Each structure stands twice: as structure tokens, then as C-alpha cells.
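No value in this document is a laboratory result; all are computed from the given coordinates. This is a predicted model, so every value here is computed, not measured. So basically every Cβ, Gly included, is an ideal-geometry build from the backbone, and we count neighbours across all protein chains shown.
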């Protein structure tokens, strides 16, 4: 049976970029590595994306986290591009 993972919904003041550009999100360490973007939505006029994290060395996988699109675009552009490319639908000529 699959283990359910809760999403952490962040408020604007939960995300902080410090002077040395370190991302500070409750429960997420700067050394955590994102696995993929699993969703996106508009919230208060901003694009927010849900990030799924890779398992840490200690076997703990951080909970899925909602982060501003701009932060993900700056820090992990590849996973954001992969997400948006996977959503592009094209019509085939028959």
C-alpha cells in the first residue's frame, strides 16, 4: 500500500529568501533536492507550484511543498520546464 503524503500549503510569509539566497521553508532544508513539480495553480495573482522532494540520505522524504513559481524557476529551472513541457498538448494532422 502506498503511503499518503500531505501537501504543505505555504502562506506568503512562510517563504523567505535570505541575503545569501538560501531558501527557508518550514521543514525543508537547503540541501533537499526536488524530484519534480507535480502541480501548479494561481493563488493571489501568483503562480504557485507544488514540488515533490527526493528522499534524503536518512530515508526521510520531505512533504510536497507549494512554492512560488519564480523561486523554482530561479533555483531548479529544469524541473519547471519538464513540468510545463509535459502539459503541452498538440494536435496531430490526420
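Between residue 93 and residue 63, the modelled labels are 5.0 nm apart [label points 7 Å from Cα along Cα→Cβ]. Peptide packing: for 83-90, 65-72, 33-40, 51-58, the average count of neighbouring Cβ atoms within 10 Å per residue gives the ranking 65-72, 33-40, 51-58, 83-90, highest mean first.
Between residue 85 and residue 43, the simple label model (points 7 Å from Cα in the Cβ direction) yields a spacing of 2.7 nm.
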